[in-house]
Each structure stands twice: as structure tokens, then as C-alpha cells.
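Notes for the one structure printed next.
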Amino acid sequence: MHSNNDQRLAQVVDFLKSQWLMHDTGVVAAGIWDGLNPPLFATATKHSSKNWLHAEFNVVAKYIHYHGGFLMPKEEIQIVTTLSPCTRRTVESRSSCSSILKNLGLVNIYSGVLDTSLGIEDNSSYRDIGINVEVTSDNYFKYVCKKLMRVFQEKRDLSLLEIKEGFVW
Ligand SMILES: [Zn+2]
């Protein structure tokens, strides 16, 4: 029996699975719940040959596009991600997802795994930024989200699509 948060994470993982072999879909997904409207989901998407739009950025943009802004008190809004939000961007000058979420007042985040590629080992990096990131304790989601993170970090002589085709959920 999954917690409410893990039921949401399950929906985010299912959304990622449903988009998995589509061109320009990344290996991170996010969902947004506002306590009233049906949730919205997004994956990371390829923006240019080197740049990706991150899943959190995409799902917040989708929400604003659908609803014209945040109608609910922002404390009631939850962002659920397979991978915890980035705290810095290396490829381009775009703001990190953590600072975008903080600036929007969206500080309630639930993730499948902490992004250790950014050197994040516990929640304190996020507390310093001013957002709260809770991580799942469900064994399956810990396993699959860590595996997804490793796909993201791997630099192999395979295309992303080839890596995805070989991925076992
Ligand atoms: Zn990001």
C-alpha cells in the first residue's frame, strides 16, 4: 500500500513510461497537484542539440498555460519528480529548477531520488535554497528512480533512444 505521495509518484513514473520511446523525451518526469484540478505531467524535453528543458520547468509552464497562473494557495501545490530538482545549471545560463520553484513559491516537492550528480546528499542543500524536498522511502520507486538517474549520468556510445530501448523498468 503506497502513501498518498507515492501514489502520485507512481502516476509520474507511469507518465514517463508512456512517453519513454518518443523522440525528444528525457529521462526525468514531473507532475503537479494543486488540490483541486486534475494533475498535469511533463517530462524533460530536448530543446536543442545540447540543451534540455527540465521536467519541473515544463510542468510548471504547462500548469500556467492551462490555468493562467496559480489559483490555489501555493502551499497547497505539490510538485512530484522522479529526480530531485537541479540546484545549478551547467550547460546554459538558465536558472536552476530549484530557484525557479522557490521564486514561484512552489516549495513543496516530493522526489524519487536525490540528484547525487549535483553533490546533493541530503535535504540541506534544498533547505538552504528555501525549498522542501522529501524523498520516497518506497523500495521500488527508490530503485527505479536511481536507475533512471544513472541513465541520465551515463555517457556511453549509444544514443539516448538506444539506452532507453534497453532500459528495464
Ligand atoms: Zn532542473
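Around HIS23, what is the net charge, scoring Lys/Arg as +1 and Asp/Glu as -1 over all other residues with Cβ under 12 Å from its Cβ? After counting each charged neighbour, the total is +1.
Going by the alpha-carbon gyration tensor, a ≥ b ≥ c the square roots of its eigenvalues, is region 84-123 rounded (a/c under 1.5) or, if a/c is not under 1.5, prolate (a/b greater than b/c) versus oblate? The shape class here is oblate.
Counting only other residues whose beta carbon sits under 13 Å from that of LEU83, what net charge do I get with K and R as +1, D and E as -1?
Values: positive: LYS142, LYS146, LYS147, ARG150; negative: GLU56, ASP115.
Around LEU83, the surrounding residues sum to +2.
This model, with +1 at the C-beta of Lys and Arg and -1 at the C-beta of Asp and Glu, gives region 5-60 a dipole about its Cα centre of some 200 debye. A cut-off under 12 angstrom between Cβ atoms defines the neighbours of ILE129, and their net charge, with Lys, Arg +1 and Asp, Glu -1, is +2. Sorting the segments 67-80, 101-114, 33-46 by their residues' average number of neighbouring beta-carbon atoms within 10 angstrom, most packed first, yields 101-114, 33-46, 67-80. Region 9-58 gives an Rg/Rh value of 1.01, both radii derived from C-alpha positions and Rh following Kirkwood. Looking at the square roots a ≥ b ≥ c of the eigenvalues of the Cα gyration tensor of the chain, which shape do they give, rounded for a/c under 1.5, prolate if a/b is larger than b/c, or oblate? Rounded, since a/c falls under 1.5. When only C-alpha pairs under 8 Å and at least 6 residues apart count, what is the relative contact order of region 4-165, in percent? Worked out over region 4-165, it gives 21 percent. Centre-to-centre, using Cα atoms only, region 61-101 and region 29-51 are separated by 9 Å. Across the cross-link table entries LYS17/LYS74; LYS62/LYS147; LYS17/LYS147; LYS17/LYS164; LYS62/LYS102; LYS17/LYS102, which are compared at the Cα atoms, the separations over 19 Å belong to LYS17/LYS74; LYS62/LYS147; LYS17/LYS102.
Beta bridges assigned by DSSP with both partners in region 4-165 are antiparallel in approximately 60 percent of cases.
Under a model in which nothing but the beta-carbon of Lys, Arg (+1) and Asp, Glu (-1) is charged, region 4-165 shows a dipole of about 360 debye around its Cα centre.
All of the numbers you see were taken from the coordinates with simple rules; none came from a lab. On a predicted model such as this, the values are computed, not experimentally measured, just so you know. Because the Cβ atoms are built from the backbone with ideal geometry, glycine has one as well, and the counts that use them run over all protein chains shown.
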